[in-house]
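Structure, as structure tokens:
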Protein chains: 2
Amino acid sequence: MERIYNFSPGPATLPTCVLEQARDELLNWRATGMSVMEVSHRGKEFVELAERATATFRQLLDIPDNYRVLFLQGGATMQFAALPLNLAGPDDAADYVTTGNWGVKAFGEAQRYLRANEAASGRDGNFRRIPDPGTWRLSDDACYLHLVSNETVVGVEFHEVPDVSEAPIAADMSSTLLSRPVDVNRYGVIYAGAQKNIGPPGVTVVIVRDDLLGRARPETPTVVNYRVMSDTDSMSNTPPTFSWYVSGLVFEWIREQGGLAAMAERNRRKATRLYAAIDGSDFYDNPVDPACRSWMNVPFTLADTNLDAVFLKESAGAGLANLKGHRLVGGMRASIYNALPEAGVDALIAFMSDFEARHG
Amino acid sequence: MERIYNFSPGPATLPTCVLEQARDELLNWRATGMSVMEVSHRGKEFVELAERATATFRQLLDIPDNYRVLFLQGGATMQFAALPLNLAGPDDAADYVTTGNWGVKAFGEAQRYLRANEAASGRDGNFRRIPDPGTWRLSDDACYLHLVSNETVVGVEFHEVPDVSEAPIAADMSSTLLSRPVDVNRYGVIYAGAQKNIGPPGVTVVIVRDDLLGRARPETPTVVNYRVMSDTDSMSNTPPTFSWYVSGLVFEWIREQGGLAAMAERNRRKATRLYAAIDGSDFYDNPVDPACRSWMNVPFTLADTNLDAVFLKESAGAGLANLKGHRLVGGMRASIYNALPEAGVDALIAFMSDFEARHG
């Protein structure tokens, strides 16, 4: 059957072998005579699945023992609210660095919950660079410093953890978590919607240092209370069982591929080759400061935007799907997460070269 | 392959043909070359899926035009908080009727959000009957009256809509929605976690009358703000695509089976036969007032509780799974949702009769 190269920014491509396993056991999982979608989350088999998935995830990221791992619902967008609800009171302050549209959204949501201060923003430069951390206007009393490690729309990624803040760093790593090693110790909270490198939509992972638990406001909904969900191993209520299961299969796949060091190696190669192809051409352009170009999302424009529609049509015809850029930015965008094979990037580069030759 | 009869209370059994279709197209959905888990929720195919699923759902329940249908994340437990956040301010009042543990939980969550009044409770009678609506102590100024239409743990179901309240009724219908027709006009809000009669875990349906929109508190998280999610067709952020998709297949199955009238006919038959088998035996007992015995969840005890373990072992061996009662209640419980076939109930009754003959 014809699987194409899917450059979608999320929901995103999943490893084919993961889908094949899910398909093969969809009606009868682990000889239960039931689908994994039909079993009790409190039954022996699912509890084992959840424990194993969590253990593999912890191992991949080398998460220290003083951090909890939660599998929640609601997406990263729910975390834009859950983070301030869990970590701060309404009169407390928090610093936000906005390097793209997700950071702007997180900042906007936070303003309804506390005194959110925009310590730095990339918007003056059209989100093409990360302002020098030495220039960030940080508060003395911030409960946390929020940043978005990788911005999918503008293609801007922090390749280093800024070392400027006394306050714990809270990072939205939705589109980068599991693509490379992370020094979790540098963070207070990390959260990620699954639908990039983790699994299918429906589950959101939260990693939280345990000294930050237990200060949630009374009005925090129970199912996004970090302490409650930690104490109940993310099963205060029925968790998103199928998404958790598929994510567990993805974690195993990553482990078998050599873990995050191997992922980083491949992702660096993929990104480097694609940016090199863009930079080596007069027909394609990526405007982002090379110091913060994303490994995960590569936006680019054509010299002649009148050719955009033709480019999309021909690329789709060539089995390279979902290259259309975000509506806020226009142009093209190739999302090249873990499960997007190197061969897919090579195919894209070859197509782009051929397209330029024929149309440029 | 050996599918068993799964009496689990939720996550629950799904129609086999739905699982087969999901399996067959898991790697390549609608000739996209991608899984439905990998497509953009904003792409043409998924938007069509969402529209069709919503339309079928509206048709099954005959939902009037002045009601919105939302597909959210977080489960019914999130709705315990979302309901007061959306409908009332912190100084407002709401009435709660508690006929089982879910009503008690909803009432507990609500107390952190507004002045929640327990207008009536079944706890004095050990949750075996619904207090006469004529005796409910309703507030003059309640923003809404909350009830749980079917309580899964104690097996208590409202077979009529109480006609006592000026305030709009907000009903948790998690374990009964789509099992029988509902007069939606009698309600202000209906919500339901999927994992009983709707689909797999991960999606929660909310039906809300449009005059109740637009009054959410500022601190309502965006992804559970009824107005925002309605205006964005439940896609303010990435929705739980796979759970929505499987639910859509379930809606089609129900429609093909003859809709909610057919479901009600079968469910009434299943419940009637099982309760008759219990009542006709000296060995089994169900203590619930017949006027409110649930069609969905049938708890029962054995005359000799020392035989509980043997009963569970033998029933599992006979392909009748997950009959263990809830830990709060003990004993046994058969959950007999739409997708639990009549043949499954017959097999259970035959097993129970045989067990009694051998052990009773």
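Within region B:277-290, restricting attention to residues that are part of a loop (DSSP other than H, G, I, E, B) and touching a residue at least 40 places away in the same chain (Cβ under 8 Å), the residue that is surrounded by the fewest Cβ atoms within 10 Å (Cβ to Cβ) is B:ASP282. Condition check: touching a residue at least 40 places away in the same chain (Cβ under 8 Å) and either on the phi < 0 side of the Ramachandran plot or open to solvent by less than 40 Å² (accessible area, probe 1.4 Å) (or both). Does B:ALA171 satisfy that? So B:ALA171 does not fit the description; no.
Scanning region B:101-110 for residues that are closer than 20 Å to B:ASP141 by Cα and more than 10 Å from chain A (Cβ to nearest Cβ) gives B:ALA106, B:PHE107, B:ALA110. Of all the listed residues (B:ARG137, B:ARG115, B:ARG128), the sole one being more than 17 Å from B:THR77 (Cα to Cα), out of contact with any strand residue (DSSP E or B) (no Cβ under 6 Å at 6 or more places or on another chain) and assigned by TED's automatic domain parsing to the domain that holds B:ALA88 is B:ARG128.
When residues in region B:11-58 are screened for being of a type in the set (A, V, I, L, M, F, W, C), assigned to a loop (DSSP other than H, G, I, E, B), out of contact with any Gly (no Cβ under 8 Å at 6 or more places or on another chain) and at the interface with chain A (Cβ under 9 Å from one of its Cβ atoms), 6 of them pass. Among all residues of region B:291-302, there is none that is open to solvent by 10 Å² or more (accessible area, probe 1.4 Å) and without any contact (Cβ under 8 Å) to a residue 12 or more places away in the chain.
Among the residues of region B:330-346, those that are in contact (Cβ under 8 Å) with a residue 40 or more places away in the chain and buried (at least 17 other Cβ atoms within 10 Å of the Cβ) comprise B:ARG333, B:ALA334, B:SER335, B:ILE336, B:TYR337, B:ASN338, B:ALA339, B:LEU340, B:GLY344, B:VAL345.
Among the residues examined, A:TRP244 qualifies as in a helix (DSSP H, G or I), under 16 Å from the mean Cα position of the chain (by Cα) and either closer than 28 Å to B:VAL39 by Cα or more than 10 Å from chain B (Cβ to nearest Cβ) (or both). If you go through region A:310-327 and keep only what is in a loop (DSSP other than H, G, I, E, B) and under 21 Å from B:PHE46 (Cα atoms), you end up with A:GLY319, A:ASN322, A:LEU323, A:GLY325, A:HIS326, A:ARG327.
Conditions tested, residue by residue: (1) over 10 Å from the mean Cα position of the chain (by Cα); (2) β-branched (Val, Ile, Thr).
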residue: A:HIS159; (1), (2): yes, no
residue: A:VAL164; (1), (2): yes, yes
residue: A:ILE169; (1), (2): yes, yes
residue: A:VAL182; (1), (2): yes, yes
residue: A:GLN195; (1), (2): no, no
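Within region B:174-190, the residues that satisfy the criterion of being open to solvent by less than 10 Å² (accessible area, probe 1.4 Å) and over 17 Å from B:SER247 (Cβ atoms) are B:VAL184, B:GLY188, B:VAL189. Quick check on region B:208-225. Is at least one of its residues surrounded by fewer than 17 Cβ atoms within 10 Å (Cβ to Cβ), over 30 Å from B:GLU25 (Cβ atoms), within 14 Å of chain A (Cβ to nearest Cβ) and without any contact (Cβ under 8 Å) to a residue 12 or more places away in the chain? Yes, some residue in region B:208-225 is surrounded by fewer than 17 Cβ atoms within 10 Å (Cβ to Cβ), over 30 Å from B:GLU25 (Cβ atoms), within 14 Å of chain A (Cβ to nearest Cβ) and without any contact (Cβ under 8 Å) to a residue 12 or more places away in the chain.
Looking at region A:280-307 only, could you name the residues that are of a type in the set (Gly, Ala, Ser) and touching a strand residue (DSSP E or B) at 6+ places or on another chain (Cβ under 9 Å)? Even if it seems obvious, please write down each step before you answer.
Narrowing region A:280-307 to residues of a type in the set (Gly, Ala, Ser): A:280-281, A:291, A:294, A:303.
Across region A:280-307, the qualifying residues are A:SER294, A:ALA303.
Taking the criterion of being more than 14 Å from chain B (Cβ to nearest Cβ), within 26 Å of A:PRO221 (Cβ to Cβ) and either in a helix (DSSP H, G or I) or open to solvent by 50 Å² or more (accessible area, probe 1.4 Å) (or both), the residues of region A:59-88 that qualify are A:ASN66, A:ARG68, A:LEU87. Only one of the numbered conditions (1) surrounded by 17 or more Cβ atoms within 10 Å (Cβ to Cβ); (2) not assigned by TED's automatic domain parsing to the domain that holds B:MET352 is violated by B:LEU274, and that is (2).
Exactly one residue out of A:LEU249, A:LEU328 is modelled with pLDDT under 95 and either assigned by TED's automatic domain parsing to the domain that holds A:HIS41 or closer than 22 Å to A:ARG129 by Cβ (or both), and it is A:LEU328.
Cβ separations smaller than 6 Å between residues 6+ apart or across chains give no pair from region B:186-197 residues that are at positive phi and in the same structural domain as B:TYR245 (by TED's automatic domain parsing) to residues that are of a type outside the set (S, T, N, Q) and open to solvent by less than 10 Å² (accessible area, probe 1.4 Å). Of everything listed in (1) more than 20 Å from A:PRO290 (Cβ to Cβ); (2) open to solvent by less than 30 Å² (accessible area, probe 1.4 Å), the single unmet condition for A:GLY122 is (1). Contact map, region B:313-326: residues that are within 12 Å of chain A (Cβ to nearest Cβ) paired with residues that are part of a loop (DSSP other than H, G, I, E, B) and open to solvent by 30 Å² or more (accessible area, probe 1.4 Å), Cβ distance under 7 Å, separation 6+ or inter-chain. Pairs shown: B:GLY319/B:ILE4; B:ALA321/B:ILE4; B:ASN322/A:SER40. Of the numbered criteria (1) closer than 16 Å to A:ALA194 by Cβ; (2) more than 21 Å from the chain's Cα centre (by Cα); (3) of a type outside the set (Asp, Glu); (4) not assigned by TED's automatic domain parsing to the domain that holds A:TRP244, the one A:ILE4 fails is (1).
Here is a list: B:ALA82, B:ALA88. Which entry is in contact with a helix residue (DSSP H, G or I) (Cβ under 8 Å, 6 or more places away or on another chain) and aliphatic (A, V, I, L, M)? Spell out the reasoning first.
On the way: B:ALA88 fails: in contact with a helix residue (DSSP H, G or I) (Cβ under 8 Å, 6 or more places away or on another chain).
Of B:ALA82, B:ALA88, the one residue that is in contact with a helix residue (DSSP H, G or I) (Cβ under 8 Å, 6 or more places away or on another chain) and aliphatic (A, V, I, L, M) is B:ALA82.
Go over the candidates B:THR98, B:THR135 one by one and state the one that is away from chain A (no Cβ under 12 Å), surrounded by 22 or more Cβ atoms within 10 Å (Cβ to Cβ) and at negative phi. Give the derivation first.
On the way: B:THR135 fails: surrounded by 22 or more Cβ atoms within 10 Å (Cβ to Cβ).
Unique residue meeting the criteria: B:THR98.
Exactly one residue out of B:ALA171, B:ALA142, B:ALA216 is closer than 30 Å to A:ALA106 by Cβ and either modelled with pLDDT of 95 or more or among the hydrophobic types (A, V, I, L, M, F, W, C) (or both): that is B:ALA216.
The values are calculated or read from the model by the stated rules, or taken from the named source; none is laboratory data. What you see is a predicted model; the values in this text were computed from it and never measured. All Cβ positions, glycine included, derive from the backbone under ideal geometry; neighbour counts span all protein chains shown. Surface areas here come from the heavy atoms of the whole protein model, side chains and all, with no ligands, DNA or RNA. Shrake-Rupley method; radii C 1.70, N 1.55, O 1.52, S 1.80 Å.
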